[in-house]
1. For the cross-link pairs K130/K209; K107/K249; K162/K199; K162/K203; K92/K249; K146/K199, which exceed 20 Å when the distance is taken from alpha carbon to alpha carbon?
2. Setting aside same-chain residues fewer than 8 positions from K74, which aspartates and glutamates have a Cα under 14 Å from its Cα?
3. Keeping the other protein chains in place, figure out the carbon and sulfur percent of the accessible area of region 186-265, with a 1.4 Å probe.
4. Are there trypsin sites (Lys or Arg not before Pro) in region 154-200 that DSSP puts in a loop and that have at most 11 other Cβ atoms within 10 Å, and which ones?
5. At R0 = 45 Å, how high is the FRET efficiency between T26 and F151 if r is their beta carbon distance? Nearest 0.05 is fine.
6. Within 15 Å, Cβ to Cβ, of F183, how many net charges do the neighbouring residues add up to if Lys/Arg are +1 and Asp/Glu are -1?
7. If Lys and Arg each add +1 and Asp and Glu each add -1, what is the summed charge of the other residues whose beta carbon sits under 12 Å from the beta carbon of D196?
8. I'd like to know which of Q236, L161, L221 lies farthest towards the positive end of the charge dipole of region 131-241, counting +1 on Cβ of Lys and Arg and -1 on Cβ of Asp and Glu.
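The values are calculated or read from the model by the stated rules, or taken from the named source; none is laboratory data. Keep in mind the model is a prediction, meaning the values are calculated, not measured. Every residue, glycine as well, gets a Cβ built from its backbone with ideal geometry; the counts of neighbours run over all protein chains shown. Surface areas here come from the heavy atoms of the whole protein model, side chains and all, with no ligands, DNA or RNA. Shrake-Rupley method; radii C 1.70, N 1.55, O 1.52, S 1.80 Å.
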Amino acid sequence: VGVVVGKGRTYGKGLVQNVQDLPYQTALKYTVAKYYTPSGRCIQSTVYEEGGRGDDLLTSTSEEKGGPKYKSKKVADKDRSVFYTAHGREVKDGGGVEVDYKVEPQKASPLEIILLSSGTYSDYAAEWSKTHELTDQFSVDESTYKDFQRFVEQKQADGDLKLEVFYDSQLKELSKKLKASKFDSSKRMLESLRVDIIKDVKKDFKTYKTEIIEDLEQNILARYLPDSMLIERGLQSDIQVLETAKMLKDGNEFDSLLARDQKSVEKGLLSNAVGDSSIDTASSVTPEPKLQTRW
């Protein structure tokens, strides 16, 4: 028995493709089959057709030569066919696998992303390990957290870290246009804006203190522990894992997610009886729903 947990649905990759090498360091990728789930549906979310023009153009041969062109489009909700699992749950094709239990993942703050992508966490962990020993009761305390903030400040002062990096390209583009327009007063305001952005990013040290400490602990421990232990430790604070565990402890909620919708079952039986080809079932319906199903 399985319940799919997540924030929405999967991408919808339902094609099997082969790649054939061609001369001049080129290759041809072509579709040879489609994936189907046990209920008989294909989860492919994009339809490719020949003859595309304009905005929906996906790929083409040289336009100058007037070669064939192709277009792609997402399967519209109105075009998605209804299927039923072995125990009567309603599912649809043409749009990936939808979650049974929706849980939004924890969102990282701009500061967390900057510190992670720049390698600042791991850099600090390397410095920390030179003067500290790991103990069984290890945790990042207030003193270590303040030391980490000073470390970040120093990297920024040395020019090794840009806390405004998310907005750097926009600021540069605006600066270029202001310079071309000779708006000197606006250029001074732009520099003030850059300073304000950095101040706002630094506020995340307080707002997202818990999350940053967790990231810092993981990076320090990564120098001593195997990946398996780090993953196990990380799961203990993962929002989606915690919510899933809570759902599993609530037997009624878990059962309701997998239980057969009687209305859907009756609709499926009726559709089969009248020969509706747009709706299919994975297997015959049993008198009582069981917690053994297929997605």
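1. From the list (K130/K209; K107/K249; K162/K199; K162/K203; K92/K249; K146/K199), the Cα-Cα distance tops 20 Å for K130/K209; K107/K249; K92/K249.
2. E49, D55, D56, D93
3. 53
4. Passing sites in region 154-200 are K182.
5. The formula returns an efficiency of 0.40 here.
6. That sum, taken over residues with Cβ under 15 Å, equals +3.
7. Counting the neighbours of D196, the net charge comes to +1.
8. Farthest along the dipole direction, towards plus: L161.
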